[in-house]
Amino acid sequence: MIATSTGPTSHTYFSQRLRLHYVDWGNPSAPPLLLIHGGRDHCRSWDWIATTLRDRWHVIAPDLRGHGDSQWSAEGSYRMDSYIYDLAQLIHQQQLAPVTIISHSLGGNIALRYTGIYPETVRKLVAIEGLGASPRTVAERAKLPLDQRMQAWLGEQREFSGRLPRRYPSIEEAFKRMQGENKHLSPTRARHLTEHGVNQNEDGTFSWKFDNYVRSWPAYDMATTEVEQLWSNITCPTLLVYGKESGASDPSLDGRARHFRQASVVTFDQAGHWVHHDQFEGFLKLAREFIAD
């Protein structure tokens, strides 16, 4: 199901002088539900979830900075603390607490850390593959001396500075690219994601809306022990969802789940990183039952 003419309204809010975008699906007297997308994605990727849940929830879906219709960072810097501040500002400005959150990937990482900072403001939390890199990957990165890690990051930044947004001659070409990214996407779903994920350039070509710099992880981040401490601060029921075809590390097996007070881990067969697309009906049923009163 795709949103019809009774779809969401667009709004803006400000955070660190950036003009950020979110869509509101109405029903403001209902309990608030935030849907937070992942990296290189956009708020309209939640349309199927939002359309289904809007009757019982006040659904709001933001575009992260540098994504969708939100403003790009002038410095090309996308640090985790800035993402967390943006989320905190949206919840504060719109008076959403206590809020329920469903999140994906980067959005899940942001939501989990935010909830560890302000546990009293989140009622329930669903994170689809949102814990970040596996403990093994983190350990491998840590083996590199700081100078080598910084050299790699600096080189990456220079590369992105000269990397122009890819231009597709038609929206059909961008649509094919979207289909190629995920074998589980139906043509209808892939087209919807494409149409809301591109802008048309002045010469008639199409480019993805996200800033290329969002591909780069910041040179500095919270220490692993600090992130684990934030996870342990979370007091609300938490659902960690994983797709068995994504290759991501299962937190119930790699030890990360033990840092949560009350977290359940659910994995889906025939699903990759985008579980909410790949197994929509199953995920929707699970999420709806989990967030219900």
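The values are calculated or read from the model by the stated rules, or taken from the named source; none is laboratory data. Because the structure is a prediction, the values reported are computed rather than measured. Neighbour counts run over all protein chains shown; Cβ positions are idealised from the backbone, glycine included.
Odds and ends about this structure:
- Flag if ILE117 is within 19 Å of the chain's Cα centre (by Cα) and surrounded by 20 or more Cβ atoms within 10 Å (Cβ to Cβ): no
- Residue pairs meeting the criteria (Cβ under 9 Å; at least 6 apart or on separate chains; first in contact (Cβ under 8 Å) with a residue 12 or more places away in the chain and more than 24 Å from SER77 (Cα to Cα), in the stretch 5-23; second assigned to a strand (DSSP E or B) and among the aromatic types (Phe, Trp, Tyr)): PRO8/TYR22; SER10/TYR22
- Residue check for ALA127: within 30 Å of ALA292 (Cβ to Cβ), of a type in the set (A, V, I, L, M, F, W, C) and touching a helix residue (DSSP H, G or I) at 6+ places or on another chain (Cβ under 9 Å): yes
- Here LEU90 meets each of (1) out of contact with any Asp or Glu (no Cβ under 9 Å at 6 or more places or on another chain); (2) surrounded by fewer than 18 Cβ atoms within 10 Å (Cβ to Cβ); (3) aliphatic (A, V, I, L, M) with one exception, condition (2).
- Checking each residue in the stretch 110-153 for being of a type in the set (Ser, Thr, Tyr), touching a residue at least 40 places away in the same chain (Cβ under 8 Å) and over 17 Å from GLY255 (Cβ atoms) picks out only THR115.
- Matching residues in the stretch 93-106 - criterion: being touching a helix residue (DSSP H, G or I) at 6+ places or on another chain (Cβ under 9 Å) and part of a helix (DSSP H, G or I): LEU106
- Exactly one residue out of THR235, THR225 is farther than 19 Å from PRO135 by Cβ and among the β-branched types (Val, Ile, Thr): that is THR235.
- Candidates ARG163, ARG167, filtered to the one that is over 30 Å from VAL99 (Cβ atoms), surrounded by 13 or more Cβ atoms within 10 Å (Cβ to Cβ) and either of a type in the set (A, V, I, L, M, F, W, C) or touching a residue at least 12 places away in the same chain (Cβ under 8 Å) (or both): ARG167
- In the stretch 131-158, the residues that are among the polar types (S, T, N, Q), in a helix (DSSP H, G or I) and more than 17 Å from ARG215 (Cβ to Cβ): GLN148, GLN151
- In this structure, ASP221 does not qualify as surrounded by fewer than 17 Cβ atoms within 10 Å (Cβ to Cβ) and either within 20 Å of PRO165 (Cα to Cα) or of a type in the set (A, V, I, L, M, F, W, C) (or both).
- Some residue of the stretch 64-82 being touching a helix residue (DSSP H, G or I) at 6+ places or on another chain (Cβ under 6 Å) and either among the aliphatic types (A, V, I, L, M) or in a helix (DSSP H, G or I) (or both): no
- HIS259 being surrounded by 17 or more Cβ atoms within 10 Å (Cβ to Cβ), in contact with a helix residue (DSSP H, G or I) (Cβ under 6 Å, 6 or more places away or on another chain) and either at pLDDT below 95 or at positive phi (or both): no
- Of all the residues in the stretch 24-51, those that are β-branched (Val, Ile, Thr) and either in a loop (DSSP other than H, G, I, E, B) or over 16 Å from VAL126 (Cα atoms) (or both) number 1.
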